[in-house]
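See below for the structure under consideration.
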Amino acid sequence: AAESVGRLPGVFVLRSGGEGYEVVVRGLAPQYNAITINGIQMASSNQNDRSTDLSDISSSMLEGIKVSKTVTPDMDANVIGGVVNFELREAKGKNPGVPEVSLVLQGGYNNLSDAYNRFNNYKYVGSIEDRLFNDKLGVFAQADVQRLNLTSNELSVGYTHYGNSNTQYVVSGVDLYDIPRDKLVYNGALDLDYEYPGGSMKLMNFISSGTTNSQLQTNEFDIGSNALYYGLSQKLSTLNTISDVFDFRQRLPLFDLNIKAAHSYSETKVPNNWDVLFFQTSGGLAKFS
């Protein structure tokens, strides 16, 4: 979902291992924006702020995406950035009474030499939808599983002024990162809608569970202090998200009635994480004076 919304103007995508997971609206950090599903704000997936991880939301179960870069009267005034609203799909039913079944199979390849499994990238999506009782009742159900090898190799270099010159620079440090990263995501959606003369009722449910297993291997060369640093860390995290929305609409003689009841839930489990750091002084690095 983050990749989809990132194509809209004024929206920038933050990435981890090449995968988009949070959005920046009008230059404001993710915690200053609101993420909603059918108008109901999703629970935060970050233990330190109110940002929401979008990488576990499958774009195939969405009807559309709307970005509001200003607060309108029908929104909560708790954001200073923008609001990204995801509309879940409703049953189409090209031939009412005849269920429409869809199956999508995708595969991918990672060419990094130290990737855990170069072919361990896939996405399977299965869905069924139909409209019943003279097109009044719609049923849409979808389940998908996705596995991503997000292994990455990263290089960063630091520079400093050479002597008293403001135009000449020398390398002060070099950092090398090897990050094997494997992610497995399960998604599910069940949407029911019933239309009758003068109104409608909708029940939309979304559930997701994503597990990321990553290691971080670092080699840091601090040329300025002539030291070497070696780091190794292990992180296993699972993000579970649930969103349920009941939407009731009724047209009355003098006004339209709209009632919503919703439930949002998010939890992040990070068991058995650890990290170690080794350092070597007098690393034998070239030093500038």
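Table for the structure above
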{"item": "Test: GLU3 is charged (D, E, K, R), at negative phi and in contact with a Lys or Arg (Cβ under 8 Å, 6 or more places away or on another chain)", "result": "no"}
{"item": "Candidates PHE246, PHE278, filtered to the one that is under 30 Å from PRO197 (Cα atoms) and open to solvent by 40 Å² or more (accessible area, probe 1.4 Å)", "result": "PHE246"}
{"item": "Filter result for TYR159 (under 17 Å from the mean Cα position of the chain (by Cα), among the hydroxyl-bearing types (Ser, Thr, Tyr) and open to solvent by 30 Å² or more (accessible area, probe 1.4 Å))", "result": "no"}
{"item": "Residue identified as touching a strand residue (DSSP E or B) at 6+ places or on another chain (Cβ under 8 Å) and farther than 22 Å from SER16 by Cα among PHE255, PHE206", "result": "PHE206"}
{"item": "The stretch 249-275, residues that are within 28 Å of GLY188 (Cα to Cα), open to solvent by less than 70 Å² (accessible area, probe 1.4 Å) and part of a strand (DSSP E or B)", "result": "ALA261, ALA262, SER264, SER266, GLU267"}
{"item": "In the stretch 223-241, the residues that are hydrophobic (A, V, I, L, M, F, W, C) and either open to solvent by 50 Å² or more (accessible area, probe 1.4 Å) or more than 23 Å from the chain's Cα centre (by Cα) (or both)", "result": "ILE223, ALA227, LEU228, LEU232, LEU236"}
{"item": "Tally of residues being over 24 Å from THR211 (Cβ atoms) and modelled with pLDDT under 90 across the stretch 134-157", "result": "2"}
{"item": "Only listed residue being at pLDDT 90 or above and among the basic types (Lys, Arg), chosen from ARG89, ARG131, ARG50", "result": "ARG131"}
{"item": "Any pair with Cβ under 7 angstrom, 6 or more apart, that starts in the stretch 174-193 at a residue that is touching a residue at least 12 places away in the same chain (Cβ under 8 Å) and acidic (Asp, Glu) and ends at one that is open to solvent by 40 Å² or more (accessible area, probe 1.4 Å) and not in a strand (DSSP E or B)", "result": "ASP178/ASP114; ASP182/TYR116; ASP191/ARG89; ASP191/GLU90; ASP193/GLU90"}
{"item": "Matching strands (runs of 3 or more DSSP E) fully within the stretch 16-117 where at least 1 residues are more than 26 Å from THR211 (Cβ to Cβ) and open to solvent by 30 Å² or more (accessible area, probe 1.4 Å)", "result": "62-68, 83-88, 100-108"}
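Every residue, every condition in (1) in a loop (DSSP other than H, G, I, E, B); (2) open to solvent by 30 Å² or more (accessible area, probe 1.4 Å); (3) in contact with a Ser or Thr (Cβ under 6 Å, 6 or more places away or on another chain), yes or no:
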| residue | (1), (2), (3) |
| --- | --- |
| LYS123 | no, yes, no |
| THR167 | yes, yes, no |
| VAL174 | no, yes, no |
| TYR177 | no, yes, yes |
| LEU184 | no, yes, yes |
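The values are calculated or read from the model by the stated rules, or taken from the named source; none is laboratory data. Bear in mind the structure is a predicted one, so any value in this text is a computation, not a measurement. Heads up, the Cβs are rebuilt from the backbone with ideal geometry, glycines too, and the neighbour counts pull from every protein chain shown. Only protein heavy atoms, including side chains, enter the accessible area calculation; ligands, DNA and RNA are left aside. Shrake-Rupley method; radii C 1.70, N 1.55, O 1.52, S 1.80 Å.
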